[in-house]
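Everything below concerns the one structure shown next.
The values are calculated or read from the model by the stated rules, or taken from the named source; none is laboratory data. In this text, all values refer to a predicted model and were calculated from it rather than measured experimentally. The accessibility values were calculated without ligands, DNA or RNA, using every heavy atom of the protein model including side chains. Shrake-Rupley method; radii C 1.70, N 1.55, O 1.52, S 1.80 Å.
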Amino acid sequence: MREFNSILVTGGAGFIGSHVIRTLLKERPQANLVNLDALTYAGNLTNLRDVEANPNYTFVKGDIQDKALVTQLFETHQFDAVVHLAAESHVDRSIENPMAFLETNILGTATLLNAAKNAWMGSEGDRCFYHISTDEVYGSLGAEGLFTEETAYDPRSPYSSSKASSDHLVRAWHHTYGLPIVISNCSNNYGAYQFPEKLIPLMIRNIRDERPLPVYGEGINVRDWLWVEDHASAIDVILHRGENGKTYNIGGLNEWKNIDLVHELIRLVDAALDREVGSSLKLITFVKDRAGHDLRYAIDASRIENELGWTPSITFEQGLAATVDWYLKNSEWLDSVTSGQYQQYYETMYSNRG
Ligand code: NAD
Ligand code: DAU
């Protein structure tokens, strides 16, 4: 097992990044962490309020594409590991504005790779550039089958193709320059602090507020859901025990059709708000489908289980109940992150879906 003393986490103010920071601070008390985040609409320092005073934690506001800043951070902090999460992450936004995805996800990753290469080449000791990627790079499944680490890449949205490009760059820096790397490709995450443009928090919020529940197409698309804290624990395991150059798929073997998941959320939120269970079913509104909507994602996570001994710690039933509870108890968070600019985005995105 490797240990690292100085870790650069990018995108730590976002949904998954904030859980990763919390997990690493807890599990690796010897390590200093620098969180580099541009604080886009998706980044929020209140996600990290409970750890901001930790002496091992430093926040730096900045863009991963800023070569001078990234180089200076490597010099100052002598990082021995990078956990790279910063990205534009929402598929619908990538359809509206692909260029922002190419800039951050491709050029930003290349900037970090070059900085790591320049800082680490010729030096001694364990180093690791860990790139956090997505199962969407593998494309879309039919009714059968699972994505393995050998599945050929077939990304189909501007988001997933920008993530696929970044995965290729990371492997290229490994093969060409010998940069020590690991990559993981994970399925859909859910849990606390997820920006409510994503399915689960968006639905919880709209059920709470008795607003229409926009289900794309016929709601038959399937996603494989994993509790975000389990993703963070998998990242900790891969960072410290993953094999140099290797890819690991992460998933929960937990497939849900969107419409079934929306029904389940209605059941949980109605019950929690002491409404008649099922009374919110009337809010379901089938809207125009997402362009190029991938039908099904499902992960074969046997490599991480067999080689590193990682499995999810809780069931979907437990995780979803805890998640609904968290959003209903943290209405202030939900309302503050969705004010202003997001309201405008929401109106534009959903007004033309009809
Ligand atoms: P998110 O959108 O919640 O957070 C992204 C973070 O990156 C934000 O804090 C944002 O401010 C920051 N950021 C964006 N552009 C930046 C830039 N140019 N420079 C510095 N910081 C920047 O995303 P998330 O859902 O937490 O996803 C994190 C990573 O995990 C992404 O790489 C994503 O592709 C991957 N991933 C996400 C999921 C999921 O279900 N959410 C699943 C698998 C993989
Ligand atoms: O699979 C991993 C990916 O999961 C990550 O790489 C992405 O960053 C993350 O955003 C997520 O992508 P999805 O597109 O699967 O997630 P989203 O929550 O946007 O949508 C989940 C499903 O729900 C999808 O089939 C589209 C549908 N949907 C979504 C929204 C926002 C709706 O039916 N209505 C909605 O309003």
Original post:
³J(HN,Hα) across the stretch 167-177 via Karplus (A = 6.51, B = -1.76, C = 1.60, θ = phi - 60°), whole Hz, x for Gly/Pro?
Top reply: 4, 4, 5, 4, 5, 5, 5, 5, 5, 7, 10
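Can you give the Rg/Rh ratio of the stretch 192-252, where Rg is from the C-alpha atoms and Rh is the Kirkwood radius? Don't skip to the end; give the middle numbers.
On the way: Rg = 16.2 Å, Rh = 14.4 Å.
In the stretch 192-252, Rg relative to Rh is 1.13.
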**OP:** Quick one: which residues, 5 or more positions from Asn188 or on another chain, have an amide H under 5 Å from its amide H? H modelled 1.01 Å from N in the peptide plane, none for Pro or chain starts.
**Re:** Asp224, Leu226
Original post:
Over the chain, what is the mean sequence separation of C-alpha contacts under 8 Å (at least six apart), divided by residue count, expressed as relative contact order in percent?
Top reply: 18 percent
Original post:
Thinking of the stretch 159-237 as a set of Cα atoms, what percent of all their pairs are more than 16 Å apart?
Top reply: 68 percent
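Can you give me the orientation-averaged projected area of the convex hull built on the Cα atoms of the stretch 65-149, in nm²? If you can, show how the numbers build up before the last one.
Working: hull surface 29.3 nm².
In nm², the orientation-averaged hull projection of the stretch 65-149 is 7.3.
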Original post:
In degrees between 0 and 90, to the nearest 10, how far off the longest principal axis of the chain does helix 341-351 point, with axes built from Cα atoms?
Top reply: 50 degrees
Original post:
Using the scaling law 2.2 N^0.38 Å as the reference, what is the normalised Cα Rg of the stretch 94-203?
Top reply: 1.21
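Strictly over 28 Å apart at the Cα level, which of Lys26/Lys257; Lys61/Lys288; Lys26/Lys329 would you flag in this model? All intermediate terms of the calculation are to be shown ahead of the outcome.
On the way: Lys26/Lys257 35 Å; Lys61/Lys288 37 Å; Lys26/Lys329 24 Å.
Pairs exceeding the cut-off: Lys26/Lys257; Lys61/Lys288.
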Original post:
Using alpha carbons only, how many degrees (0 to 90, rounded to 10) separate the axis of helix 316-329 from the longest principal axis of the chain?
Top reply: 80 degrees
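What part of the accessible area of the chain, given as a whole %, is carbon or sulfur when the probe is 1.4 angstrom? All intermediate terms of the calculation are to be shown ahead of the outcome.
On the way: 7270 of 14680 Å².
Roughly 50 percent, rounded to a whole number.
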Original post:
How big is the accessible area of Lys329 in square angstrom, nearest 10, if you roll a 1.4 angstrom probe over the protein chains?
Top reply: 150 Å²
Subject >> Accessible surface, per residue, of the chain when the full set of protein chains is kept, probe 1.4 Å, Å² >> reply: 41 Å²
Subject >> Degrees, to the nearest 10: 15-27 long Cα axis against longest axis of the chain >> reply: 50 degrees
